[in-house]
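Working notes, structure below.
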Amino acid sequence: MNEPRTILVVDDDALTRRMLETILEGAGLTPICVGGGAEALAAIGDALPRLVLLDLVMAEPDGFEVLRQLRARPRTKSISASATRTASRGRVRCNSSTMPSIRPAAPFTRGP
């Protein structure tokens, strides 16, 4: 069963992880932040998050491979995933793939 308030943040950029952690904690959610794909797969073994905010363009395993592995496991195939960053290479791979469950995250903007 998914942890209802747990969000897994997977990004190789420490500043992005910290920003998302701050935003999620401020919203009353429980972020688990990791810096790479291998760490993400290990973290999901410990806790089943409701959502994965996933950087697609990372060192191996990249976000696409993490998503493939999540979809291949019965326990994790229904976890929602959202891309936190897509370079043009990532965007092409995502659009041409068979991963309809991934959604690009809206960019963060500063308020007035």
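Any read-out appearing in this document is the output of simple, stated calculations on the displayed coordinates, not a laboratory observation. Being a predicted model, the structure only gives us computed values, none of them experimental. In this analysis, Cβ positions are derived from the backbone assuming ideal geometry, glycine residues included, and neighbour counts consider all displayed protein chains.
Please give me the summed charge of the neighbours of LYS77: other residues whose Cβ is under 11 Å from its Cβ, Lys and Arg +1, Asp and Glu -1.
Values: positive: ARG68, ARG71, ARG73, ARG75; negative: none.
Once positives and negatives cancel, what remains is +4.
Using the basic label-point model (7 angstrom from Cα toward the beta carbon), what is the ALA38 to GLU21 distance in nanometres?
For the pair ALA38/GLU21, the computed spacing is 2.1 nm.
Suppose the chain between SER78 and ASP13 were pulled fully straight at 0.36 nm per residue; how much longer would it get relative to their current alpha carbon spacing?
Values: separation 65, 0.36 × 65 = 23.40 nm, distance 2.61 nm.
Extra length available between SER78 and ASP13 comes to 20.8 nm.
Could you work out the local net charge near ARG18, counting Lys and Arg as +1, Asp and Glu as -1, over the other residues with Cβ closer than 11 Å to its Cβ?
Taking every Cβ under 11 Å from that of ARG18, the sum is -3.
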